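All remarks here apply to the structure that follows.
The values are calculated or read from the model by the stated rules, or taken from the named source; none is laboratory data. Keep in mind that what you see is a predicted model, and the values were worked out from it rather than measured. As a convention, Cβ positions derive from the backbone with ideal geometry for all residues, glycine included, and neighbour counts pool all protein chains shown. Ligands, DNA and RNA are stripped out before the accessible areas are found, and what is left, the full protein with its side chains, is counted by its heavy atoms. Shrake-Rupley method; radii C 1.70, N 1.55, O 1.52, S 1.80 Å.
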Amino acid sequence: MDPTTDNGPAGDPGPNGDKGSDRDSRDARASLEALRAEISKAVVGQDPAVTGLVVALLCRGHVLLEGVPGVAKTLLIRALAASLELDTKRVQFTPDLMPSDVTGSLVYDARTTEFSFQPGPVFTNLLLADEINRTPPKTQSSLLEAMEERQVTVDGTPRPLPEPFLVAATQNPVEYEGTYPLPEAQLDRFLLKLTVPLPSRQDEIDVLTRHADGFDPRDLRAAGVRPVAGPADLEAARAAVAKTSISPEITAYVVDVCRATRDSPSLTLGVSPRGATALLSTARAWAWLTGRDYVIPDDVKALAPPTLRHRVQLRPEAEMEGVTADSVINAILAQVPVPR
């Protein structure tokens, strides 16, 4: 079962069953499951990306969205924010964008003859960093502190960011002219790399039908998108995810999968211990979303591709032969012994 292809959370209730004290957890899960239906009022056929974004929110992580222009990446983030009643801002990354354009800067006030801090767009709940690979590494790195420490330091003063906080960065997978590849250190800061594919024929027909009927992507309220969950639901969900049990065998399985990437002849760079920690966290969140209070090997297998695909680096000769990061990861999953 892969959350990047699955149609919706489902699963057994777990060996211990639900207790009366777990009502908040069940309510939070139901609210997050309702996101799919709510976002589908604006976005057609991108349930896998919605699932990935919810997993990232549960793990306090960030997401790299990869897809060609026009597949509703911006609309997806706006619809997610509207469904969760969260603030969202969008930054179009360009070659002349400065770090202060993202984080904010000190502005001189002539009336008070003092400098005051003017917050940048990073001070939001959901930040859409559009085409992040179009800006130089200096500006790209301005997000590193925000993503890792959840704060911004300007003039030596740290300023905390709102909670929850998620960066959803997009990049075009087919256009490389005038772009700056993301450094491995920054790629490693993204919890998940999600692919946003072109819609199927029927989904594309549905999109055009909606537009013909007057759908305006700039007016989500008119499309009927309403908040179905909020920060309180996220907090309850995160608390429940933290209680999801992980056996020593599952922990060892995650380590074995990640260590196998370091020995793969197709890769020059394998998964770091940070990547192994990320895989354990995403598998735990997925287990909770599917209705269990414990992690099984299938959870690890389901989340391995989106969690690890951007943390490995292919050898040039393997890339020329058509090998992909996903194919290497799937081959490793097929070879590493599964705990019973």
How much of the pair distance distribution for segment 22-118 lies past 19 Å, counting alpha-carbon pairs only, in percent? 57
Taking the convex hull of the alpha carbon atoms in the chain, what volume per residue do you get, in Å³? 166
Of Phe117, Ser281, Cys258, which is farthest on the positive side of the dipole of the chain, counting Cα position, with +1 on Lys and Arg Cβ, -1 on Asp and Glu Cβ, and the Cα centre as origin? Ser281
Around Tyr294, which amide H atoms from residues at least 5 apart in sequence, or from another chain, sit under 5 Å from its own amide H, with H modelled in the peptide plane? Ser245
In nanometres, what is the gap between the two model label sites at Arg26 and Ser40, each 7 Å from Cα along Cα-to-Cβ? 2.4
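About the Cα centre, and with charges only on the beta carbon of Lys, Arg (+1) and Asp, Glu (-1), how big is the dipole of segment 73-199? Nearest 20 debye, please.
With Lys and Arg at +1 and Asp and Glu at -1, about 260 debye.
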When the charge dipole of the chain is computed with +1 on Lys and Arg Cβ and -1 on Asp and Glu Cβ about the Cα centre, the Cα farthest towards its positive end, among Pro248, Ala331, Pro183, belongs to Pro248
Under 5 Å between amide hydrogens, which residues at least 5 positions from His310 or on another chain qualify, with H placed 1.01 Å from N in the peptide plane? Lys193
Where Rh is the Kirkwood radius over Cα pairs, Rg/Rh for segment 205-340: 1.13
How high is the relative contact order of the chain? Use alpha-carbon pairs under 8 Å, at least six apart in sequence, and give a whole percent. 24
Can you give the helix-only mean residue ellipticity at 222 nm for the chain, where every DSSP H stretch with n ≥ 4 adds -39500 (n - 2.57) and the sum goes over all residues, rounded to the nearest 500 deg cm²/dmol? -12500 deg cm²/dmol
Calculated FRET efficiency, Asp109 and Arg226, Cβ-Cβ r, R0 35 Å, to nearest 0.05? 0.30
Treating only Lys and Arg (+1) and Asp and Glu (-1) as charged, each at its beta carbon, one finds that the chain has a dipole about its Cα centre, in Debye to the nearest 20, of 440
How much length is gained on full extension from Leu269 to Thr157, taking 0.36 nm per residue of separation minus their Cα-Cα distance? 36.7 nm
Local net charge near Ser327, Cβ-Cβ under 12 Å (Lys/Arg +1, Asp/Glu -1): -2
Where does each of 326-338, 285-297 land if you order them by average Cβ count within 10 Å, highest first? 285-297, 326-338
Heavy atoms only, probe 1.4 Å: what % of the accessible area of the chain goes to carbon and sulfur, would you let me know? 52
Indicate the gyration tensor shape class of segment 172-285 (rounded, prolate or oblate), computed on the Cα atoms with a ≥ b ≥ c the square roots of the eigenvalues: a/c under 1.5 is rounded; otherwise a/b larger than b/c is prolate and the rest oblate. oblate
Convert each backbone phi in segment 38-44 into a coupling constant with the Karplus relation 6.51 cos²θ - 1.76 cosθ + 1.60 (shift: θ = phi - 60°), then list the ³J(HN,Hα) values in order as whole Hz, x for Gly and Pro. 5, 5, 5, 5, 10, 10, 9
Convex hull volume per residue for segment 99-169, taking Cα atoms only, in Å³: 96
For Thr124, what charge total do you get from the other residues with a beta carbon under 15 Å from its beta carbon, if Lys and Arg give +1 and Asp and Glu give -1? 0
Using a Gaussian network model of the chain with C-alpha springs under 10 Å, which one of Asp219, Asp24, Asp299 is most mobile by mean-square fluctuation? Asp219
Amide H neighbours of Arg159 under 5 Å, counting only residues 5+ apart in sequence or on other chains, H built in-plane at 1.01 Å? Val152, Thr153, Val154
Given unit charges at Cβ for Lys, Arg (+) and Asp, Glu (-), the dipole magnitude of segment 69-115 about its Cα centre in debye, nearest 20, is 260
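Going by a ≥ b ≥ c, the root eigenvalues of the Cα gyration tensor, does segment 58-210 fall in the rounded group (a/c under 1.5), the prolate group (a/b larger than b/c) or the oblate group?
Prolate shape, in that a/c is at least 1.5 and a/b is the bigger ratio.
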Accessible area per residue, Å², the chain with all protein chains present, probe 1.4 Å: 47
Could you check what % of the DSSP bridge pairs in the chain are antiparallel, to the nearest 5? 40
Whole-Hz Karplus ³J(HN,Hα) for segment 190-203, in order, using 6.51 cos²θ - 1.76 cosθ + 1.60 and θ = phi - 60°, x for Gly and Pro? 7, 5, 10, 10, 10, 8, 10, x, 5, x, 5, 4, 5, 4
Along segment 318-331, Karplus-curve 3J(HN,Hα) (6.51, -1.76, 1.60; θ = phi - 60°) to the nearest Hz, with x for Gly and Pro, reads 5, 5, 5, 7, x, 6, 10, 4, 5, 5, 5, 5, 5, 5
State the percent of C-alpha pairs, over all pairs in segment 129-197, separated by a distance greater than 21 angstrom. 29
